[in-house]
Amino acid sequence: MCLKVCLRIQHCPWYNCLRSGAKKCPNAPNSSSVCTKVVLCARGNCIKLASKIDDGISGTTFERPSFKRMIDDIEAGGITIVLCKDLSRLGRNNAMVAYYTEIFFIENRVRFIALNDGIDTAFGDNEIMPFKSVINEYYARDISKKIRSAYKIQAQRGNYTGVVPPFGYIKNPENKYHLIPDPQTAHFVKKIFTMAASGNGTAIIARTLREENVLCPRAYCKKVLGINRPYTYKDDTDWAKTTVMQIIKNKVYLGHIISLKKTSLSFKNKKPIKVPEEEQVFMPNMHEPLIDQDTFDLAQKVFKIKKRGNKYGFDNIFVGILKCSDCGSGLAIQFPNESMGRPFFSYSCNRYRQNSKYCTTHYIRYDDVYRIILEGIQEKQRFVKENKDDLAQYAQRLADRGADIELKQIRTDLDKAQKRSKELDILIQKLFEQVALGAMEQERYATLSQTYEQEQKLLKTKITTHEARLADRGGDTLNFMRFFDLVQKHEAVTELTSEILHEFIESVVVYQAEGKRLDRTQKVVINFRFIKDSWN
Ligand SMILES: [Zn+2]
C-alpha cells in the first residue's frame, strides 16, 4: 500500500496540470508511472512530498503503521493533501474508506485525490467514490476466497499442510504433504497413549517423560528437525501437561488428517477462531497410524474422568462409570458419616445431591456395587469359557452374514460414490486453476463449481450412509471378536481395578431401589464394552 502525502501547501499547481492530462505535463515529460510524474512534478514546483508506504501489509486492514503515522500527522495539522494512485491504495474496506473520505478528511480539511480513479474532493469529483470503494472491497473478498478455497482443496485431498509435522511424524521426503512415522519419536507417542489408557493423568505422563530426558516437541522441532519457529520453552525436556493433552486428543495418530480447524472472522479481521468440529475437513486413513482405535478410545475415556484426591486415601475406582437411570448424570461418592446414619462408603445421584427436586437418591453401597460388577465380569468370563465352541460358531455366522448379496450391493454403491467423489475433487481443482490463471470467466466458474459442489454434497451424504450400514453389519462381528479376545486375555478376575473396569465396562446404570429393609430390591445394569447392544 503506497500513499503520497503533500506537506504544508495551500494549493497544488502541479496537480491541475496532471488533471488536464498527465501526458502534457511540462515538468514530467517522459515518465510512464503516475507516481513518478507526481514526484517529478512536485519537485518542479518546490512542493514537499512525504511518502507513506506499508509494504507487504494488506489493504483490507487499516492497522498499517505508516497509515497510522499519516493519520497522526493529519491530526497534528501537518498535511493538506492526501494523494494516492488509486482509491484501493487508501484501503480495501468499504466502510473504513467511506469514513476517511467522507468524514475524517473533511473534518481535518484534507484534500483527497485518487489519481487513476479521477477522484478529487476539492473538485467535487467524488460521486464515483463509493462505487469504486465497494468494488475494491469486492476484489479483496474475492482474493481471500480464492486463498481459502485453495486451502480447502488441499484439505479435501487429505494433504498435511502444517509447517511443523505432529510430534511422532516427519514429512515424507518424497511428498511434503504426506506424513510418515518418525523412527526417533513415534515410540514416545505410543508410550503416552498406553500410559493414558491405563489410567495415568497428564501430570504423571509429563513427569515420566521429563525424568527420561525426552526432548519436548518444541525442542525436538528446533534441535533435531531444524525448523525454526518462534518457540519458547524453559529447557529441552520441558514437557507440559497441555502438551501431553494435545497429543492424546489428536486424531492424526489414528492416521487421519483433520484440516481447517481454524479460520479468521472475515477477510477484514484476521483474528483466528475455532471451527466447529462438524465443519472441519476430515480425511480418514491418509497415513500410517501410530495408535489403534481401541487404545485411542480408552485413553479419551479415562482422560475425561476427573480424578480427585480425598482424605480417606480411598481409591474411587468407579468414578465415571456409575450412571443414574433416571437423569443420566454420574453417581458421586459419599464418604461414611456416622452422625448422619451412613456408616458405609456409598454412591448417590449427583444431580439429586445438587438439588433434591430434580432426581431421587439412587443410593447404593460401595461394597454392593463392587460385588455386583465383579460377579458380572466373572459371569461373562465363565460363560465364554464354557461355551467357547458355540461362541466361535456364532462369530463365524456373523462373519458369513458379512458376505451376503445385499452387503455386496452396498459395497459396490459405496465404491462408485467414492470414485465419483474423487473425480469431482479433481474437476473442482482444475476449474479453480483455470480461474486463477485467468483462463475462465468468474461467472462461468461460479455456475460450474456450484453444480459440482452440489453433486459432491449429495455424494458425501450417500457415502456416510453406506459406510454406516457397512459398519453396522461388519461391526457386529468385529466387536464380538474383540470382547471374546478381551475375556480370554485376562485370567479369572478376582479383584476390580480402575484398569480392569475401563477395559471391560462402558457404564453401569443404577436404578432407584424399591421396598424397604429385607424387601429392598435394586436394579443394576452393566453395559459391557463391545457387546453393549448385541449380547447382554
Ligand atoms: Zn439422577
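The values are calculated or read from the model by the stated rules, or taken from the named source; none is laboratory data. Owing to the predicted nature of the structure, the values given are computational and were not obtained by experimental measurement. Because the Cβ atoms are built from the backbone with ideal geometry, glycine has one as well, and the counts that use them run over all protein chains shown.
Here residue 213 meets the list (1) closer than 22 Å to residue 297 by Cα; (2) in contact (Cβ under 8 Å) with a residue 12 or more places away in the chain; (3) of a type outside the set (D, E, K, R) almost entirely, failing just condition (1). Total residues in the stretch 318-363 satisfying the condition of being more than 36 Å from the chain's Cα centre (by Cα) and away from the ligand (no atom under 12 Å from the Cβ): the figure is 13. Pairing residues of the stretch 439-466 that are assigned by TED's automatic domain parsing to the domain that holds residue 418 with residues that are polar (S, T, N, Q) and surrounded by 12 or more Cβ atoms within 10 Å (Cβ to Cβ), at Cβ distances under 6 Å and at least 6 apart in sequence or on separate chains, gives 440/434; 459/421. Scanning the stretch 211-222 for residues that are assigned to a helix (DSSP H, G or I) and crowded, with 16+ Cβ neighbours inside 10 Å returns 217, 218, 219, 220, 221, 222.
Close Cβ contacts (under 8 Å, 6 or more residues apart or on different chains) running from residues in the stretch 323-338 that are touching a residue at least 40 places away in the same chain (Cβ under 8 Å) to residues that are away from the ligand (no atom under 11 Å from the Cβ) and not in a strand (DSSP E or B) comprise 325/523; 331/318.
Any residue in the stretch 504-511 that is part of a loop (DSSP other than H, G, I, E, B) and at pLDDT 80 or above? Scanning the stretch 504-511, I find at least one residue that is part of a loop (DSSP other than H, G, I, E, B) and at pLDDT 80 or above, so the answer is yes. Please verify whether the stretch 192-199 includes one or more residues that are over 30 Å from residue 424 (Cα atoms) and among the aromatic types (Phe, Trp, Tyr). Checked against the condition, which is being over 30 Å from residue 424 (Cα atoms) and among the aromatic types (Phe, Trp, Tyr), the stretch 192-199 yields at least one hit. When the test is whether a residue is surrounded by 17 or more Cβ atoms within 10 Å (Cβ to Cβ), in a loop (DSSP other than H, G, I, E, B) and either modelled with pLDDT of 80 or more or within 16 Å of the ligand (Cβ to nearest atom) (or both), residue 291 passes it. Just one of the numbered conditions (1) in a helix (DSSP H, G or I); (2) surrounded by 11 or more Cβ atoms within 10 Å (Cβ to Cβ) is not true of residue 348: (1). Selection over the stretch 223-243 of residues that are assigned to a helix (DSSP H, G or I) and either crowded, with 18+ Cβ neighbours inside 10 Å or within 24 Å of the chain's Cα centre (by Cα) (or both) gives a count of 3.
Looking for something in contact with a strand residue (DSSP E or B) (Cβ under 9 Å, 6 or more places away or on another chain) and either outside any helix (DSSP H, G or I) or hydroxyl-bearing (Ser, Thr, Tyr) (or both) - is there at least one such residue anywhere in the stretch 389-397?
To start, the set of residues in the stretch 389-397 that are in contact with a strand residue (DSSP E or B) (Cβ under 9 Å, 6 or more places away or on another chain) comprises none.
So far as the stretch 389-397 goes, no, none of its residues is in contact with a strand residue (DSSP E or B) (Cβ under 9 Å, 6 or more places away or on another chain) and either outside any helix (DSSP H, G or I) or hydroxyl-bearing (Ser, Thr, Tyr) (or both).
Just give me the residues in the stretch 364-376 being part of a helix (DSSP H, G or I) and more than 16 Å from the ligand (Cβ to nearest atom), in sequence order. Before the answer, list the steps.
In the first step, residues of the stretch 364-376 are kept if they are part of a helix (DSSP H, G or I); the result is 366-376.
Within the stretch 364-376, 366, 367, 368, 370, 371, 372, 373, 374, 375, 376 meet the criteria.
Just so you know, in the stretch 304-317 the residues that are modelled with pLDDT under 65 and surrounded by 11 or more Cβ atoms within 10 Å (Cβ to Cβ) include one that is farthest from the ligand (Cβ to nearest atom), and it is 312.
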